[in-house]
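The values are calculated or read from the model by the stated rules, or taken from the named source; none is laboratory data. These numbers were taken from a predicted model, which means no experiment stands behind them. Positions of Cβ are generated from backbone atoms using ideal geometry, with glycine treated the same way; all protein chains shown enter the neighbour counts. Just so you know, the surface numbers come from the protein's heavy atoms only, side chains and all, with ligands and any DNA or RNA stripped out. Shrake-Rupley method; radii C 1.70, N 1.55, O 1.52, S 1.80 Å.
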Amino acid sequence: RIKPTFMLSYTIKPVIYGTLAAALAQVPNRYALITGLGYAFQDVEETSHRSILQKIVQNLYQRALSKASKVFFQNPDDLQLFKELKLLKSSTPAVVVNGSGVNMSKFDVMPLPHDDAGYHKPSFLLIARLLNDKGIIEYVEAARKIKQKYPAVEFHLVGGLFDNPAAISQQQLDAWLEEGVFAYWGEVDDVRAAISECSVYVLPSYREGTPRTVLEAMSMGRSIITTDAPGCRETVVDGENGFLVPVRDVDSLAQAMLRFIEQPELMLQMGQRSRKIVEEKYDVHKVNAYMISEMELE
């Protein structure tokens, strides 16, 4: 009924089903955006063993992307992995873009939280679906270590429970809440209030496309701790706007947190650099303009 001439799909199900459907409907220009890999690719680089689910999903990706006019990736590691797994034909054009971008006017710089004496207050925040591969457990363990030495330091968590093989259970969440290791916000429609309450944003994820929450925190002038993992490492210049730590390394994560606690001037300096990086690289208008150009819609 609509008879589109261009189609852009993103996230796993729309990319697979949407691209195949568009090919069947003879939509002439079919574009796919790979925003992250998720559970279907978890540990795929560390082991040759793949579960039945992983094999099915990867086969569907291969079939769908063979029908794409061009495929966009949000980091070079995902593009390389798709090539290695032969999910992307050598004849299919592929382009790396700077994530989905961030609306800098909506996520404007906010002052860092202060204590009663007027000093910058160390306060850490993680926003994520409550999945193991987001580094939730590492975040909790690092928070425990910090609180042994600095019990007044605040930790915040935003996000909801999901039906996923890698999901945190309600029982586990309840145990953490009873322990009081972090303040839990649940799911929120607008993350800006939570980001305003933190001085450092933390994402110990095992792999991302380009994490939107990190970009939003950077845009609001927050320093970042994240992992030296695909998608995450693109957002941080180590030592300039934050710190990169190894995946699943609780001690390194806690040490990075300690640097901000014991050198609070870093929170402001690195937060200002975060905003500059967003201006240079992740402004949503620049990202959109590049994608529109690559789709030849101008």
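What pairs from LYS55/LYS134; LYS55/LYS89; LYS83/LYS286 go past 24 Å between their alpha carbons? From the list (LYS55/LYS134; LYS55/LYS89; LYS83/LYS286), the Cα-Cα distance tops 24 Å for LYS83/LYS286. Once a ≥ b ≥ c are taken as the square roots of the eigenvalues of the Cα gyration tensor of the range 236-298, is the result rounded (a/c under 1.5), prolate (a/b larger than b/c) or oblate (a/b not larger than b/c)? Since a/c reaches 1.5 but b/c is at least a/b, the shape of the range 236-298 is classed as oblate. Per-residue ellipticity at 222 nm computed for the chain from its helices equals -10000 deg cm²/dmol, with DSSP H segments shorter than 4 residues left out and the rest contributing -39,500 (n - 2.57). Based on protein heavy atoms only, the chain ends up with 49 Å² per residue of surface accessible to a 1.4 Å probe. Once the C-beta distance of GLN148 and ARG63 is scaled by a Förster radius of 41 Å, the resulting FRET efficiency is 0.20 to the nearest 0.05.
Largest GNM mean-square fluctuation among GLY271, GLY209, GLY18, using the chain with Cα springs under 10 Å: GLY18.
What part of the accessible area of the range 89-176, given as a whole %, is carbon or sulfur when the probe is 1.4 angstrom?
It is 50 percent, rounded to a whole number.
How would the range 201-261 be classified by its alpha-carbon gyration tensor: rounded, prolate or oblate, with rounded meaning a/c under 1.5 and the a/b versus b/c comparison settling the rest? Judged from the Cα gyration tensor, the range 201-261 comes out oblate (a/c at least 1.5, b/c at or above a/b). Overall shape: oblate for the range 88-152, with the ratio a/c of the largest to smallest alpha carbon gyration tensor axis at 1.5 or above and b/c at least equal to a/b.
Cα centroid separation, the range 78-123 to the range 237-291: 10 Å.
Only aspartates and glutamates eight or more places from LYS70 in sequence, or on another chain, were considered; those with a Cα closer than 13 Å are GLU294, GLU296. Amide H contacts of MET104 (H built 1.01 Å from N, in plane; Pro and chain starts excluded): VAL284 sit under 5 Å, all sequence-distant by 5 or more or on other chains.
For LYS147, the aspartates and glutamates whose Cα comes closer than 16 Å to its Cα, not counting residues fewer than 8 places off in the same chain, are GLU138, GLU178, GLU179, ASP251, GLU262. Compared with the direct C-alpha span, the chain from ASN103 to ARG259 gains 53.2 nm at full extension, assuming 0.36 nm per residue. Peptides 5-12, 66-73 ranked from most to least packed give 66-73, 5-12, packing being the mean of other C-beta atoms within 10 angstrom over each peptide's residues. Summary of packing: across the peptides 142-155, 250-263, 162-175, the per-residue average of other C-beta atoms within 10 Å ranks them, highest first, as 250-263, 142-155, 162-175. Candidate values (1) 87, 66, 50; (2) 59, 53, 40; (3) 65, 42, 34 were compared with Cα extents along the principal axes in Å computed on the shown model; the agreeing label is (3).
Rounded to the nearest whole Hz, the Karplus-based 3J(HN,Hα) values (6.51 cos²θ - 1.76 cosθ + 1.60, θ = phi - 60°) of the range 93-108 follow the sequence x, 9, 9, 9, 10, 7, x, 8, x, 9, 7, 5, 6, 6, 9, 7, with x at glycine and proline. Summing charges over all other residues whose Cβ lies under 13 Å from the Cβ of TRP185, with Lys and Arg as +1 and Asp and Glu as -1, gives -4. With a cut-off of 13 Å on the backbone N, the residues of the range 77-104 near the modelled label site 7 Å out from TYR290 along Cα-Cβ are 95-102.
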